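**Q** This is the structure, below, for whatever I ask next.
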Amino acid sequence: MPDISIGTESIYVHVSESASEKTLLLIHGSGGDHTHWPQNLLSETRIRVAAIDLPGHGKSGGSGRTSVEDYADVSEAVVARCGWTAVTVAGHSLGGAIALTIGLRGPRWLDGLVLVGTGARLRVAPAILEGLATNPDPLFSTMDAWAFGPNADRALRERFVQQMKAAGAPVVLGDFSACDRFDMMPHLSRITCRTLVVSAENDLLTPLKYGQYLQQTLPDARLEVIPGAGHMMGLEQPEIFGKAILRFMGLEAG
């Protein structure tokens with residue numbers, strides 16, 4: 001593929017080689033890109049795995065958005081452009097809000113949801129929004145402490161901070177502002193597709209109780225908890241994380 005034209009923007013999508021009709025669409029979180037998903041998922045070939053870089057992020061062109069709905073529009077346009085017909089949408093953090101928004105819309109091609117480190121509401125601390133608007137570098141330098149569990153590899157932490165800085169304060173502020181305005185709580189009962197909720201034991205940004213609420217409130221959801229990990233659980237515990245999602249996709253026993 002990997003570049004897809006959506007309107008006037010070029011959207012990068014990392015796609016694994018597969019003859020399967022099933023597609024797992026991966027949508028990253030605030031200030032991220034497709035590399036925030038573990039390599040064992042990105043290279044999976046038993047199903048098609050497509051990891052999008054949202055507009056203004058990673059290798060994509062265009063501009064970042066300031067609403068979850070606008071990002072959902074782009075994600076749906078990618079699916080339509082590619083002609084995929086049986087898609088499970090997996091979203092991390094902001095990406096989870098995008099996935100929930102698509103779930104509420106209920107397009108015909110939607111086969112399921114995977115909600116990773118996310119919640120029905122995603123309020124952001126005012127200090128974070130203010131820091132991004134007025135003095136972002138010190139904030140970026142401390143974000144890894146919120147994003148990772150206590151035993152996370154230092155190289156992962158440093159790469160995360162550099163990626164946030166590369167995305168730029170305006171894009172990251174737009175992402176966090178979109179999260180701050182997001183509220184799916186009144187609508188969860190209307191999202192009827194099968195859903196996997198993945199939460200981490202030590203997630204400081206979207207605590208385990210967020211995932212428990214989703215599992216208890218969505219009509220058809222189950223919960224997997226990743227032990228010992230923080231918000232960036234897919235990078236911290238890639239094997240456990242990947243197997244949980246592949247089981248949901250019907251590719252792993254147990």
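**Q** Say R0 is 51 Å: what FRET efficiency, to the nearest 0.05, do T8 and Q216 get from their beta-carbon distance? Provide the component values of the computation, followed by the final result.
**A** Values: r = 42 Å, r/R0 = 0.83.
Result of the calculation: an efficiency of 0.75.
**Q** (1) 24, 21, 19; (2) 30, 20, 16; (3) 36, 20, 15: which one is semi-axes √(5λ) of the Cα gyration tensor in Å as calculated from this entry?
**A** Derived directly from the coordinates: (1).
**Q** Straight-line reach from K243: which aspartates and glutamates fall under 18 Å, measuring Cα to Cα and dropping same-chain residues less than 8 apart?
**A** K243 reaches E44, E201, E224, E252.
**Q** Largest first, how would K209, K22 line up by accessible area (1.4 Å probe)?
**A** Numbers: K209 135, K22 85 Å².
The residues order as K209, K22, largest area first.
**Q** I'd like to compare 191-201, 79-89: which one has the highest average count of other Cβ atoms within 10 Å, and what's the full order after that?
**A** Result, highest mean Cβ count within 10 Å first: 191-201, 79-89.
**Q** Please report, in debye to the nearest 20, how large the charge dipole of region 112-233 is about its Cα centre when each Lys and Arg carries +1 at its beta carbon and each Asp and Glu carries -1 there.
**A** Values: 11 positive and 12 negative charges, 53 e Å.
Dipole of region 112-233, to the nearest 20 debye: 260 debye.
**Q** Next question, about the same structure. Taking the alpha carbon gyration tensor of region 1-90, what are the square roots of 5 times its eigenvalues, largest first, to the nearest whole Å? Walk me through the numbers on the way to the answer.
**A** On the way: eigenvalues 81, 40, 26 Å².
Whole-Å semi-axes of the equivalent ellipsoid: 20, 14, 11.
**Q** Go ahead and run the numbers for FRET between L251 and L129, Cβ-Cβ distance against an R0 of 35 Å, rounding to 0.05. Provide the component values of the computation, followed by the final result.
**A** Values: r = 39 Å, r/R0 = 1.13.
For L251 and L129, the calculated efficiency is 0.35.
**Q** Counting only helical runs of four or more DSSP H residues, what would the 222 nm mean residue ellipticity of the chain come to if each run contributes -39,500 (n - 2.57) and the total is spread over all its residues? Kindly include the intermediate steps, with their values, before the conclusion.
**A** Details: 10 runs with 104 residues, N = 254.
After summing the helix terms and dividing by residue count, I get -12000 deg cm²/dmol.
**Q** Skipping prolines and chain starts, which residues have an amide H placed within reach, meaning under 5 Å, of the one on Y12, given they are 5 or more residues away or on another chain?
**A** HN-HN under 5 Å from Y12: I4, D53, S60, G61.
**Q** Ordering T23, T35, T134 by accessible area with a probe of 1.4 Å, largest first, what comes out?
**A** Working: T23 0, T35 60, T134 100 Å².
Result, largest first: T134, T35, T23.
**Q** Which order do S43, S177 take by accessible area at a 1.4 Å probe, largest first?
**A** On the way: S43 65, S177 25 Å².
Sorted by accessible area, descending: S43, S177.
**Q** Write down the accessible area per residue of region 58-103 in Å², having rolled a 1.4 Å probe over the full set of protein chains.
**A** Numbers: 1360 Å² over 46 residues.
With all protein chains present, region 58-103 gives 29 Å² per residue.
**Q** I've got another one for you. Quickly work out the T85-to-E239 label distance, labels modelled 7 Å from Cα along the C-beta direction, and quote it in nm with one decimal.
**A** 3.8
**Q** Give me the number: length gained by fully extending R105 to R159, i.e. 0.36 nm times residue separation minus the C-alpha to C-alpha distance, one decimal in nm. Show your work: numbers first, answer last.
**A** Values: separation 54, 0.36 × 54 = 19.44 nm, distance 3.48 nm.
Additional length available on full extension: 16.0 nm.
**Q** Another one. Along the positive direction of the dipole of region 109-254 (beta-carbon charges: Lys, Arg +1; Asp, Glu -1; about the Cα centre), which of P227, A169, L139 reaches farthest?
**A** P227
**Q** Karplus couplings for region 215-231 from phi (6.51 cos²θ - 1.76 cosθ + 1.60, θ = phi - 60°), rounded to Hz, Gly and Pro as x?
**A** Karplus values, whole Hz, x for Gly and Pro: 5, 6, 9, 5, x, 9, 9, 10, 10, 10, 10, 8, x, x, 10, x, 4.
**Q** Just the accessible area per residue of region 116-254, please: how many Å² with a 1.4 Å probe? Let's see the in-between values first.
**A** Working: 6510 Å² over 139 residues.
On a per-residue basis, 47 Å².
**Q** To continue, here is another question. Run the quick spin-label model on R190 and W146: label points 7 Å from Cα toward the beta carbon, then report their separation in nm to one decimal.
**A** About 3.0 nm, to one decimal.
**Q** Taking every pair of alpha-carbon atoms in region 185-226, what share in percent sits in each 5 Å bin, from 0 to the bin with the longest distance?
**A** Once binned at 5 Å, the Cα pair distances of region 185-226 give 6, 26, 30, 20, 13, 4.
**Q** State whether region 177-254 is rounded, prolate or oblate according to the following rule on the C-alpha gyration tensor (a ≥ b ≥ c being the square roots of its eigenvalues): a/c under 1.5 gives rounded; otherwise a/b larger than b/c gives prolate, and the remaining case gives oblate.
**A** oblate
**Q** K22's amide H: which non-local residues (gap 5+, or another chain) put their own amide H closer than 5 Å, with H modeled 1.01 Å from N in plane and none for Pro or chain starts?
**A** R48
**Q** Would you work out what percent of the accessible area of region 1-134, with all protein chains in place, is carbon or sulfur (probe 1.4 Å)? Provide the component values of the computation, followed by the final result.
**A** On the way: 2250 of 4830 Å².
In region 1-134, the share of accessible area belonging to carbon and sulfur is 47 percent.
The values are calculated or read from the model by the stated rules, or taken from the named source; none is laboratory data. These figures come from a predicted structure and were not determined experimentally. Glycine also receives a Cβ, built like all others from the backbone with ideal geometry; neighbour counts cover every protein chain displayed. Each accessible area value is taken on the protein alone, full model and side chains, heavy atoms only, with ligands, DNA and RNA left out. Shrake-Rupley method; radii C 1.70, N 1.55, O 1.52, S 1.80 Å.
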